Amino acid sequence: MTIKTRNILILFLLIFSLVMLLTNATFLFYNLYKGTLIGPDTFPEERLPGFFVRGYNFKAVIVSLFIFLIFVSAASYYIYIQFEKTQSTEIIFFSAFLCGCLAESIRLCIPLFNLWHSLSTFLIFTGRVVLFGRTLAPLALLFDAVFSGTEQRQYVERNLVILAVVSIMIAMLIPLDTAIVLPNFCVRWGEGKAFLIIRILILITTAVSLFVNSFTMGNKEKAPYGFLVLAAGYEVCCYASSFVAAGIGAVLLFSGTAVYLENLHRQYLWK
């Protein structure tokens, strides 16, 4: 993939994320004005992890989703400006991670269009998109750590296709229970706990890989620490349903990303 092609794709991601941000904000204000913004009226027995449910606030979930929209817009703008002339394979996979984060915003459709008790195709679609994003995001970070070497640049397109195919297959194969919509605007899917554990293991494996590579090469960069923080922030924001969790997730996500990208940019300046 050429630098020009990569920059066009990142620019498209930036524009699309801004459009999504403005569109969702418009629908939100419209619903608030009309008084049609509806929260969950029931809580299923299978709840979210205890820390994130404690102090549940319907508005906090909405805030956490707008955090993702703002984050993707800010991060894509930063990498478009700072890495415009840099042949960085890591940025390509990090952009795929941003796409996974952007997929979370589709959860806003549930309260905005009152899909809490709907068995519509659109509700199924939102569930599939969230599953796609939650598969793509951790896998993209794993590929960022494992397939970012200069010798892997010629295989970037192949690896992106693998990422997309695996994410789509998992999103289509995992069964959805559309009768239950969780308080964080997620359609419940089968084997939810196992899926969460696998995603966390992927993120831990990625972090370990970054630390091992850093120590092996004798680097003292803070990029692995930044990655660990942003990965934690991503997971917290995915399940945040209180203002405390949303605030912690936002701080971790933005600060970790800032450290990771800043160190990555400095690393390529030295080359």
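The values are calculated or read from the model by the stated rules, or taken from the named source; none is laboratory data. Everything numeric in this text was worked out from a predicted model, so none of it was measured. A quick note on method: Cβ atoms are made from the backbone with ideal geometry, for glycine too, and the neighbour counts reach across all protein chains shown. These area figures cover heavy atoms from the full protein model, side chains too; ligands, DNA and RNA do not enter into them. Shrake-Rupley method; radii C 1.70, N 1.55, O 1.52, S 1.80 Å.
Of note:
- Failed item in (1) under 20 Å from the mean Cα position of the chain (by Cα); (2) open to solvent by less than 30 Å² (accessible area, probe 1.4 Å), with Ile204 passing the rest: (2)
- Scanning the range 226-267 for residues that are among the aromatic types (Phe, Trp, Tyr) and open to solvent by 30 Å² or more (accessible area, probe 1.4 Å) turns up Phe243, Phe254.
- Count of the range 149-200 residues which are without any contact (Cβ under 8 Å) to a residue 40 or more places away in the chain and in a loop (DSSP other than H, G, I, E, B): 3
- The residues listed here are Phe66, Phe125; of these, the one that is in a helix (DSSP H, G or I) and within 20 Å of Ala245 (Cβ to Cβ) is Phe66.
- Only a single criterion out of (1) out of contact with any Ser or Thr (no Cβ under 6 Å at 6 or more places or on another chain); (2) under 20 Å from Leu163 (Cβ atoms); (3) among the hydrophobic types (A, V, I, L, M, F, W, C); (4) open to solvent by less than 30 Å² (accessible area, probe 1.4 Å) is not satisfied by Leu196, namely (4).
- Any hit, the range 164-180, residues being of a type in the set (Val, Ile, Thr), open to solvent by less than 10 Å² (accessible area, probe 1.4 Å) and either out of contact with any helix residue (DSSP H, G or I) (no Cβ under 8 Å at 6 or more places or on another chain) or more than 24 Å from Gly247 (Cα to Cα) (or both): no
- So Phe97, is it farther than 17 Å from Asp177 by Cα, open to solvent by less than 20 Å² (accessible area, probe 1.4 Å) and among the aromatic types (Phe, Trp, Tyr): yes
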